[in-house]
Structure formats: structure tokens, C-alpha cells
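Structure first, then comments.
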Amino acid sequence: MSQIEGFPYITNLNIQFGPLELIDEKELSKSHQPWWNQTLCGVNDSVVRLGVVEGEYHWHKHDVEDEFFYVVEGRLFIDLEGRTIELAPRQGVVIPQGVMHRPRAPERTVILMVETNTIVPTGS
């Protein structure tokens, strides 16, 4: 999966690191521009993804999966119907299944996401 019509997303679903391999988030994220997303590793039935974002993602939801966002650097806003959640570095939030949301970042932001390995990152 690489692009959604009208949005220049680069989403790499391949698992880049296996068990016991060192993952250097800072080194990986510094060489990428928004909107880049790489699946780092698998943990049981879930995956950990690294994202570099800036600007707005599209409104979407995941019908049967929750999604966890954690900010490493920058700021992330997650628009919901009726309110917005703001995340600073070292803050995270779970967006429950079925909730319409739109992540957006006013500046270059590095995030980690934890979700099931069956989720479609662009939404259901």
C-alpha cells in the first residue's frame, strides 16, 4: 500500500525488524519526510508502526480495531466528531474501534502507533 487518491501517503506494511533486533527510532525517522509510515515489528497479533507526519490525514475509522497513538516528538492533534485531542511528546491515546478520527500535525511530528496486524491503516 503506498498512496490513497489525493493523499501522498507512504505506508510500508512489511515488518522491518524481527525479534531481538535493535530498533533505533531516531535514526529511522530523521531521514524521512511526511507522510511516511513503516511497520517496525510484530508483537503477538499486533504491530508497532513508526510515522513521520505533518499536515492533515483524512477522516477515517477502523470498524473492528482500536488504534494507539504515541508522540515521540512534535505535536499531534486527533480530531474527533465534536472535539480534538492534543498530544505532546511522551503522550498517547487509544482511539476505539468505530470512532471517526483525523490525525493532523502542525509541524513535523514523529509518532508510534500500535494496532492489530490486520488493520488497514487508511481506514475501513
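The values are calculated or read from the model by the stated rules, or taken from the named source; none is laboratory data. Everything numeric here is computed off the predicted structure, so don't read it as measured data. Every residue, glycine as well, gets a Cβ built from its backbone with ideal geometry; the counts of neighbours run over all protein chains shown. Side chains are part of the model used for accessible areas, which takes the heavy atoms of the whole protein and leaves out ligands, DNA and RNA. Shrake-Rupley method; radii C 1.70, N 1.55, O 1.52, S 1.80 Å.
If you sort 63, 45 by accessible surface, 1.4 Å probe, largest first, the order is 45, 63.
On average, how much area does the Cα convex hull of the stretch 81-124 cover when viewed from any direction, in nm²? Please list the in-between numbers first.
Numbers: hull surface 15.5 nm².
Projected area, direction-averaged: 3.9 nm².
What the phi angles of the stretch 78-87 give under the Karplus curve with 6.51, -1.76 and 1.60, with θ = phi - 60°, is a coupling list of 10, 6, 10, 5, x, 6, 10, 9, 10, 10 Hz, glycine and proline written as x.
The residues neighbouring residue 77, those whose beta-carbon lies less than 13 Å from its own, together hold a net charge of -1 under the Lys/Arg +1, Asp/Glu -1 convention.
Per residue, the convex hull spanned by the Cα atoms of the stretch 36-124 measures out at 83 cubic angstrom. Considering the stretch 16-56, its Cα convex hull presents a mean projected area of 3.3 nm². Where does the chain land at 222 nm, in deg cm²/dmol rounded to the nearest 500, when only DSSP H runs of n ≥ 4 count, each adding -39500 (n - 2.57), divided by all residues? Taking each H run of at least 4 residues, the total per residue is -1000 deg cm²/dmol.
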